[in-house]
């Protein structure tokens, strides 16, 4: 984060009269990769542990905010900045020089104001991101496959640095089954059975959530429980079943 100005909680930092500054001299330090814990188990008599996974902590960023030229930490300025920073929900954050990197921040811990008694000074804020990595801006892709009568291949490119789990809206065009096979991911199939004509299914593949627009209808028992994964690079998806498809997602950005 080399930019002085940024967007947070729906406002540009210049609107609030503050900017990011550095209070250290020499080379700058920045977050590169999040804290990672290796999940492992050792067996008696074997010094080589069995590694069965990893666990990432959400990333943290310490930012220093000072007033822009011509402004000071007056009572009204302190209150305005406090209202802006003190959210009860996670809010989008991105800098002017890297708008393609989106973070979702909420501050945590103590925020101190360091000043000279005349209104000049700065505050240090620790921001907690909602995930280990940055994300791209929201992307949407729509595919109109309402007249297909045989399996049809579409392509989606995951330009991020990790597996992607998109949100999906499936508008089904006839009674019956619907399937997507990801030919770029070992042919893993994502399948619903016995959907209704003109039914819309919403799927959040990351959080394993499914909704139907038909009242009091739950489709978990109709689903094969293989949530759609988009691997890095081009994903060739074989779609079976006439439908209109909408994908919404954000790529994960590392480093």
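If you go through segment 243-255 and pick out every residue that is surrounded by fewer than 18 Cβ atoms within 10 Å (Cβ to Cβ) and out of contact with any strand residue (DSSP E or B) (no Cβ under 6 Å at 6 or more places or on another chain), you end up with 2. Within segment 212-234, being in contact with a strand residue (DSSP E or B) (Cβ under 6 Å, 6 or more places away or on another chain) and in a loop (DSSP other than H, G, I, E, B) holds for 213, 219, 224, 226, 228, 232.
Listed here are the residues, each with its yes/no results for (1) farther than 30 Å from residue 95 by Cβ; (2) touching a residue at least 12 places away in the same chain (Cβ under 8 Å); (3) outside the structural domain of residue 103 (by TED's automatic domain parsing); (4) part of a strand (DSSP E or B).
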residue: 148; (1), (2), (3), (4): yes, yes, yes, no
residue: 156; (1), (2), (3), (4): no, yes, yes, yes
residue: 160; (1), (2), (3), (4): no, yes, yes, no
residue: 198; (1), (2), (3), (4): yes, yes, yes, no
residue: 210; (1), (2), (3), (4): yes, yes, yes, yes
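For residue 194, state whether it is surrounded by fewer than 19 Cβ atoms within 10 Å (Cβ to Cβ) and outside any strand (DSSP E or B). Talk me through it step by step, then tell me what you get.
On the way: surrounded by fewer than 19 Cβ atoms within 10 Å (Cβ to Cβ): yes; outside any strand (DSSP E or B): no.
No: the conditions fail for residue 194.
Among the conditions (1) modelled with pLDDT of 95 or more; (2) within 24 Å of residue 254 (Cα to Cα); (3) not in a loop (DSSP other than H, G, I, E, B), residue 99 misses just one, which is (3).
Of the residues 44, 38, which single one is part of a strand (DSSP E or B) and out of contact with any helix residue (DSSP H, G or I) (no Cβ under 8 Å at 6 or more places or on another chain)? Don't jump to the end; show me each part of the working.
On the way: 44 fails: part of a strand (DSSP E or B).
Just a single option satisfies the conditions, and that option is 38.
Of all residues in segment 47-63, those satisfying the criterion of being under 30 Å from residue 21 (Cβ atoms) and outside any strand (DSSP E or B) are 57, 58, 59.
Considering every residue within segment 148-156, establish whether at least one is surrounded by 12 or more Cβ atoms within 10 Å (Cβ to Cβ), under 19 Å from the mean Cα position of the chain (by Cα) and within 30 Å of residue 194 (Cβ to Cβ). Among the residues of segment 148-156, at least one is surrounded by 12 or more Cβ atoms within 10 Å (Cβ to Cβ), under 19 Å from the mean Cα position of the chain (by Cα) and within 30 Å of residue 194 (Cβ to Cβ), which makes the answer yes.
Mind checking which residues of segment 104-130 are modelled with pLDDT under 95 and in a loop (DSSP other than H, G, I, E, B)? Selection gives 116, 117, 118, 119, 120. Exactly one residue out of 47, 31 is free of Cβ contacts under 8 Å to residues at least 40 places away in the same chain and surrounded by 12 or more Cβ atoms within 10 Å (Cβ to Cβ), and it is 31.
Would you confirm whether any residue within segment 108-125 is closer than 23 Å to residue 31 by Cα, within 14 Å of the chain's Cα centre (by Cα) and in contact (Cβ under 8 Å) with a residue 24 or more places away in the chain? The answer is no, given that none of the residues of segment 108-125 is closer than 23 Å to residue 31 by Cα, within 14 Å of the chain's Cα centre (by Cα) and in contact (Cβ under 8 Å) with a residue 24 or more places away in the chain. Whether any residue in segment 78-85 is more than 26 Å from the chain's Cα centre (by Cα), farther than 15 Å from residue 125 by Cβ and assigned to a loop (DSSP other than H, G, I, E, B) is what I want to check. No, segment 78-85 contains no residue that is more than 26 Å from the chain's Cα centre (by Cα), farther than 15 Å from residue 125 by Cβ and assigned to a loop (DSSP other than H, G, I, E, B). When restricted to residues that are at pLDDT 95 or above, more than 16 Å from residue 122 (Cβ to Cβ) and in contact with a strand residue (DSSP E or B) (Cβ under 8 Å, 6 or more places away or on another chain), segment 1-34 contains 5. Considering (1) surrounded by 10 or more Cβ atoms within 10 Å (Cβ to Cβ); (2) in a loop (DSSP other than H, G, I, E, B), the lone condition that residue 69 does not fulfil carries the number (1). When residue 113 is tested against (1) surrounded by 14 or more Cβ atoms within 10 Å (Cβ to Cβ); (2) in contact with a helix residue (DSSP H, G or I) (Cβ under 9 Å, 6 or more places away or on another chain), only condition (1) is not met.
The values are calculated or read from the model by the stated rules, or taken from the named source; none is laboratory data. Treat the numbers as computed from the prediction; the structure is a model and nothing was measured. Heads up, the Cβs are rebuilt from the backbone with ideal geometry, glycines too, and the neighbour counts pull from every protein chain shown.
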